[in-house]
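One structure below.
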Amino acid sequence: MTAAMIETHEVANQVPPLEGYDAYGADPWLRAAVARAKVPWIEGQAHGLGVYVGSPEAQHHAVLANRYTPELRTHDATGHRIDTVAYHPSYHVLMNRAFSAGVHSLAWKCQPGGFSGRAALFYLWNQLEQGTACPVTMTFASIAVLDQAPALAREWRAKVLADAYDPRPEPVARKSGATIGMAMTEKQGGSDLRAVATVAVPDGSTWRLTGHKWFCSAPMSDGFFTLARLPEGVTCFFVPRSLPDGTRNAFLIQRLKDKVGNRSNASSEIEYRDTFAQLVGEPGRGIATLISMAHHTRFDIVVGVAAMMRAALNQALHHACHRSAFGKELADHPLMANVLADLALEAEAATLLAFRLAAAFDASQADAGERELQRALTPVAKYWLCKRMAAVAAEAMECLGGNGYVEESPLARLYREAPLNGIWEGSANVICLDALRAFSRSPEAIGAIESEVSAGSDPRLARRLGGAMRALRDPVSAEAQARAILESLALCVQGSLMKRHSDARAAETFCSSRLGEGARAFGALELDAAALKALALRARLGTS
Ligand SMILES: Cc1cc2nc3c(=O)[nH]c(=O)nc-3n(C[C@H](O)[C@H](O)[C@H](O)COP(=O)(O)OP(=O)(O)OC[C@H]3O[C@@H](n4cnc5c(N)ncnc54)[C@H](O)[C@@H]3O)c2cc1C
């Protein structure tokens with residue numbers, strides 16, 4: 001017997017990588033969202049970024065930036081503290097691409113429709129890499145606080161909005177662009193920020209901080225919004241990394257977290273030791289001052305998670321349309337088609353919800369109803385999409401079989417990333433309780449959701465919404481039922497959006513499968529095999 005006859009390495013029935021496509025041009029949902037938002041001016045940039053996101057080069061950078069994780073360098077060779085994080089070059093390539101494309105800035109610079117146009121770019125970016133999305137989001141959201149602090153804004157706003165990535169640790173005046181982080185969480189409590197123990201003392205017209213922060217992501221950012229205690233209560237401050245004379249501020253990075261996912265992005269523990277800081281907002285109003293930043297990061301999480309669902313679905317569909325088992329393509333097996341169709345409904349409804357929210361942000365200056373909707377819908381959408389993401393990632397991974405569970409698969413990174421958005425910027429329970437408080441303070445907020453849902457009225461929507469409203473009005477049980485209430489509100493808005501903007505069968509199947517009672521797994525849709533396959537394949541990218 002010759003060696004050729006016992007060759008075992010013939011590769012058959014393996015799936016080519018999903019690459020070399022325009023993630024904007026190939027995506028009918030995203031193009032429809034841009035058309036509905038009436039932001040045709042974003043199309044050129046979206047095609048450019050879409051081609052990059054779909055390119056093998058960009059995907060390779062995403063893999064490398066996550067495989068070769070950031071390293072902390074606390075001291076130089078001669079023992080001086082440097083508190084620097086060294087990243088793989090691919091991280092810098094990605095940061096440069098995101099910031100030079102204006103993924104952080106465009107909402108504040110292009111009106112009307114800036115939030116929707118930017119959401120299209122952020123949706124694309126989150127299909128590529130989520131570690132870099134963290135500093136992009138914080139820098140984007142920082143404008144909401146900078147705009148309340150005129151002196152700080154004069155020094156920082158233009159640099160934050162510059163479409164440039166400049167990682168040098170230099171004073172802001174010498175930089176071509178600046179990135180912003182936030183450091184609030186301490187060891188004793190992240191949700192309950194009233195427990196902040198870091199203290200601030202006056203130093204002329206500025207302040208000195210001493211204390212620790214248990215989580216501080218992107219610690220190489222140029223400045224941080226942070227919280228410290230004054231006699232008046234917890235107060236917001238701004239800490240620049242470099243001082244105007246070019247020396248480093250006392251920003252001691254103690255450790256990097258060894259995280260489950262989000263590995264390209266450093267998350268650190270830091271100490272302030274007599275650290276220079278500027279006051280932001282009124283003493284004692286720190287948590288209220290930072291609310292606007294948190295609100296914008298929550299919005300970004302909604303867009304980012306919808307995009308991650310899209311990315312997971314793309315991989316599952318691509319695989320099932322190229323791999324055969326038991327004599328035919330996986331996508332031709334009715335039960336696989338059921339799973340794919342169900343995942344497609346989930347990702348489409350998430351995308352509709354994200355872009356409806358973006359439109360409400362865009363319209364909220366001029367329209368009080370849209371302002372209320374934007375306020376009310378942000379925590380609802382953040383809660384529900386984050387809850388669904390982990391299930392979507394696991395199910396999409398399973399569609400790839402064993403190949404989904406190895407590190408070379410893009411699903412591995414998405415799976416590890418999936419729970420994170422549910423934890424930061426308000427974990428699920430905290431988000432639900434925040435939403436209940438907002439609804440009780442402002443009946444207009446819940447009214448805005450009601451009118452959004454009734455725009456696409458249906459008895460199932462009315463029943464589910466009515467149940468949520470009754471639960472909300474019951475002061476005894478509302479807190480314990482907060483998750484169920486937010487789930488119902490999110491599903492009703494999604495159902496209504498599907499009825500208005502998707503095709504009739506997809507909308508009907510979304511409503512019939514999700515507006516009833518009880519828990520369910522993906523792949524339990526009650527349709528015939530041909531309908532399931534059609535529903536799955538209508539979600540395929542244009543070129544895959
Ligand atoms: C990768 C990563 C990066 C991060 N980066 C940053 C950063 O850059 N800056 C920053 O400031 N923080 C950051 N964080 C911290 C994050 O914001 C906190 O972990 C989060 O706010 C939760 O706080 P905690 O960890 O102290 O948990 P806890 O506050 O102890 O909460 C634990 C659990 O209890 C629940 N809970 C709390 N209160 C209630 C209640 N009243 N009723 C019912 N349930 C409740 C919460 O929902 C949560 O599930 C990061 C976290 C991670 C994982």
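Would a scan of region 468-490 turn up a residue that is among the hydroxyl-bearing types (Ser, Thr, Tyr) and under 25 Å from PRO28 (Cα atoms)? Taking every residue of region 468-490 in turn, none turns out to be among the hydroxyl-bearing types (Ser, Thr, Tyr) and under 25 Å from PRO28 (Cα atoms).
Scanning region 212-247 for residues that are closer than 28 Å to SER264 by Cβ, of a type outside the set (A, V, I, L, M, F, W, C) and either modelled with pLDDT under 95 or not in a loop (DSSP other than H, G, I, E, B) (or both) yields a total of 7.
Restricting attention to region 204-230, and to residues there that are among the basic types (Lys, Arg) and under 16 Å from LEU252 (Cβ atoms), which single residue is nearest to the ligand (Cβ to nearest atom)? Per the stated criteria, the residue is LYS213.
Taken over region 182-193, the criterion of being within 6 Å of the ligand (Cβ to nearest atom), in contact with a strand residue (DSSP E or B) (Cβ under 9 Å, 6 or more places away or on another chain) and part of a loop (DSSP other than H, G, I, E, B) is satisfied by MET184, THR185, GLY190.
The single condition from (1) free of Cβ contacts under 8 Å to residues at least 60 places away in the same chain; (2) within 13 Å of the ligand (Cβ to nearest atom); (3) surrounded by 22 or more Cβ atoms within 10 Å (Cβ to Cβ) that ARG437 fails is (3).
Among the residues of region 309-325, is there at least one that is within 16 Å of the ligand (Cβ to nearest atom) and either touching a Lys or Arg at 6+ places or on another chain (Cβ under 7 Å) or open to solvent by less than 40 Å² (accessible area, probe 1.4 Å) (or both)? So far as region 309-325 goes, no, none of its residues is within 16 Å of the ligand (Cβ to nearest atom) and either touching a Lys or Arg at 6+ places or on another chain (Cβ under 7 Å) or open to solvent by less than 40 Å² (accessible area, probe 1.4 Å) (or both).
Only residues that are open to solvent by less than 40 Å² (accessible area, probe 1.4 Å) and within 14 Å of the ligand (Cβ to nearest atom) were counted across region 260-288, and they come to 11. Residue count for region 401-428, restricted to those that are within 16 Å of the ligand (Cβ to nearest atom), among the aliphatic types (A, V, I, L, M) and outside any loop (DSSP other than H, G, I, E, B): 4. One residue is enough: does region 142-161 have a residue meeting the conditions touching a strand residue (DSSP E or B) at 6+ places or on another chain (Cβ under 7 Å), away from the ligand (no atom under 16 Å from the Cβ) and not in a helix (DSSP H, G or I)? Looking for residues that are touching a strand residue (DSSP E or B) at 6+ places or on another chain (Cβ under 7 Å), away from the ligand (no atom under 16 Å from the Cβ) and not in a helix (DSSP H, G or I), one finds at least one in region 142-161, hence yes.
For region 368-409, a tally of residues being touching a Leu at 6+ places or on another chain (Cβ under 9 Å) and at pLDDT below 95 returns 1.
Scan region 238-251 for residues that are crowded, with 17+ Cβ neighbours inside 10 Å and away from the ligand (no atom under 13 Å from the Cβ) and report the count.
Quick first cut of region 238-251, residues crowded, with 17+ Cβ neighbours inside 10 Å only: 238-242, 249-251.
Now restrict to residues that are away from the ligand (no atom under 13 Å from the Cβ): 238, 240-242, 249-251.
Final tally of qualifying residues: 7.
Restricting VAL201, VAL196 to residues that are over 23 Å from the mean Cα position of the chain (by Cα), surrounded by 15 or more Cβ atoms within 10 Å (Cβ to Cβ) and more than 8 Å from the ligand (Cβ to nearest atom) narrows the list to VAL196.
Selection over region 450-498 of residues that are within 16 Å of the ligand (Cβ to nearest atom) and among the small types (Gly, Ala, Ser) gives a count of 5.
Report whether or not ALA445 is open to solvent by 10 Å² or more (accessible area, probe 1.4 Å), in a helix (DSSP H, G or I) and farther than 30 Å from GLY131 by Cβ. The answer is no for ALA445. In summary, GLY304 fulfils each of the numbered conditions (1) closer than 23 Å to ARG413 by Cβ; (2) of a type in the set (Gly, Ala, Ser); (3) more than 13 Å from the ligand (Cβ to nearest atom); (4) open to solvent by 10 Å² or more (accessible area, probe 1.4 Å) with the single exception of condition (4).
Here CYS492 clears all of (1) under 25 Å from THR378 (Cβ atoms); (2) more than 25 Å from the chain's Cα centre (by Cα) except the condition numbered (2). Would you confirm whether or not region 385-396 contains a residue that is within 16 Å of the ligand (Cβ to nearest atom), free of Cβ contacts under 8 Å to residues at least 40 places away in the same chain and in a helix (DSSP H, G or I)? Yes: one or more hits. Residues in region 455-487 that are without any contact (Cβ under 8 Å) to a residue 12 or more places away in the chain, surrounded by fewer than 17 Cβ atoms within 10 Å (Cβ to Cβ) and within 28 Å of the chain's Cα centre (by Cα): ALA480 only. The number of residues in region 168-181 being surrounded by 17 or more Cβ atoms within 10 Å (Cβ to Cβ) and either more than 14 Å from VAL239 (Cα to Cα) or within 16 Å of the ligand (Cβ to nearest atom) (or both) comes to 5.
The values are calculated or read from the model by the stated rules, or taken from the named source; none is laboratory data. Since we're looking at a predicted model, the values are computed, not measured. As a convention, Cβ positions derive from the backbone with ideal geometry for all residues, glycine included, and neighbour counts pool all protein chains shown. These area figures cover heavy atoms from the full protein model, side chains too; ligands, DNA and RNA do not enter into them. Shrake-Rupley method; radii C 1.70, N 1.55, O 1.52, S 1.80 Å.
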